[in-house]
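Novice: My structure is below; once you've seen it, I'll send some questions.
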Amino acid sequence: MLRMASEAGMVLVTKYGVASATPEWLERFAALVAAAEREACAKVCDDIAGGAYWEGADLAAAAIRARGES
């Protein structure tokens, strides 16, 4: 999460200062978190498809990844 916060543009807070989050920063951070969660879910589907446990798992993985493209 700290990496994503930094990537979204947040300045890390020290014991000497407090940072406030702008709406723009919150949107960037939320998008990064959502993308990471989508990819984690798609990887589970990839693992299932690789083990031939469920027909269509590869399609599910592709559909999950496509959600981030709209």
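Novice: Is one or more of the residues making up region 29-36 on the phi < 0 side of the Ramachandran plot and in contact with a Lys or Arg (Cβ under 6 Å, 6 or more places away or on another chain)?
Specialist: no
Novice: Which residue, of 34, 40, 62, is exposed (fewer than 11 other Cβ atoms within 10 Å of the Cβ) and at pLDDT 90 or above?
Specialist: Just one listed residue meets the conditions, 40.
Novice: Let me ask something else. Would you please name the residue that is modelled with the lowest pLDDT, looking only at residues in region 47-59 that are part of a helix (DSSP H, G or I) and surrounded by fewer than 16 Cβ atoms within 10 Å (Cβ to Cβ)?
Specialist: It comes out as 50.
Novice: Provide a single number: the residues in region 1-20 that are in a loop (DSSP other than H, G, I, E, B) and either surrounded by fewer than 14 Cβ atoms within 10 Å (Cβ to Cβ) or at pLDDT 90 or above (or both).
Specialist: The number of residues fulfilling the criteria is 12.
The values are calculated or read from the model by the stated rules, or taken from the named source; none is laboratory data. In this text, all values refer to a predicted model and were calculated from it rather than measured experimentally. Methodologically, a virtual Cβ is constructed for each residue, glycine included, from the backbone with ideal geometry; neighbour enumeration extends over all protein chains shown.
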